[in-house]
Amino acid sequence: MKNTKTKYIIIAFVFILGYIVITELIFKNRRQLFYESNLQGKLIEIYSSREGIKIRINNVDRNFCFEPKSSFNIHENFENIAQIGDSIIKPTKSDTIKLIKEGEVYLYTFNKPD
């Protein structure tokens, strides 16, 4: 009986550890994709998720995920300022994303992938 319980605990531990490793690899790949992308367009979707902020722009057929750290010129979170219809500019391999809203430019940094 004790051996069976120990086996179940080990199996559960292995599954949990595997889930954590796979999830982290997926998040890392998504952060890398965002970092390496050249984005310029209008927001058509924005929402928070456990991975960070997810956005979709009008001229790209996929979501991007990133974690905005700070703004250079305003003390407001990206998700509180950004709305559908606002413009986004992010050059390839840049750690800064520009949010253009009603003629105002807001610059946000985000963590580069490891």
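Laboratory data are not the source of any read-out in this text; all were calculated from the coordinates shown. Keep in mind it's a predicted model, so treat the numbers as computed, not measured. So basically every Cβ, Gly included, is an ideal-geometry build from the backbone, and we count neighbours across all protein chains shown.
Do you know the Lys pair count in the chain for C-alpha distances under 12 Å, with sequence separation 8 or more or different chains?
Values: LYS28/LYS112; LYS42/LYS90; LYS42/LYS98; LYS42/LYS101; LYS69/LYS112; LYS90/LYS98; LYS93/LYS112.
Lysine pairs meeting both conditions in the chain amount to 7.
Of the listed peptides 52-59, 4-11, what is their order by residue-averaged count of other C-beta atoms within 10 Å, with the highest listed first? Walk me through the intermediate numbers first.
Working: 52-59: 18.4, 4-11: 9.6.
Ranking the peptides 52-59, 4-11 by packing returns 52-59, 4-11.
Taking the Cα centre of the chain as origin and charging only Cβ (+1 Lys, Arg; -1 Asp, Glu), how large is the dipole, in debye to the nearest 20? Intermediate results must be reported in sequence, preceding the final value.
Working: 17 positive and 13 negative charges, 139 e Å.
Charge dipole of the chain: 660 debye, to the nearest 20.
Per 10 Å bin from zero, what fraction in whole % of the C-alpha pairs of segment 65-114 is there, up to the bin with the longest pair?
With 10 Å bins starting at 0, P(r) equals 25, 61, 14, 1.
Using +1 at the C-beta of Lys and Arg and -1 at the C-beta of Asp and Glu, which of SER94, ILE9, ASN58 has the Cα lying farthest in the positive direction of the dipole of the chain?
Sorting the options by dipole projection puts first ILE9.
Round to the nearest 10 and give me the degree value, 0 to 90, for the angle of helix 2-36's Cα axis relative to the longest principal axis of the chain.
20
State the Cα centre-to-centre distance between segment 7-28 and segment 59-79 in whole Å.
Centre-to-centre distance over Cα atoms comes out at 29 Å.
Only helical DSSP H runs with n ≥ 4 go in: add -39500 (n - 2.57) per run for the chain, normalise by residue count and round the 222 nm mean residue ellipticity to 500 deg cm²/dmol. Intermediate results must be reported in sequence, preceding the final value.
Details: 2 runs with 39 residues, N = 114.
Helix contribution divided over all residues of the chain: -11500 deg cm²/dmol.
Students often get this wrong, so try it: which of [x] 49; [y] 21; [z] 35 is percent of Cα pairs over 24 Å apart as calculated from the structure shown?
Working out percent of Cα pairs over 24 Å apart from the coordinates points to [z].
Please say if segment 38-95 is rounded, prolate or oblate, where rounded means a/c under 1.5 for a ≥ b ≥ c the square roots of the C-alpha gyration tensor eigenvalues, and otherwise the choice is prolate for a/b larger than b/c and oblate otherwise?
Verdict is rounded for segment 38-95.
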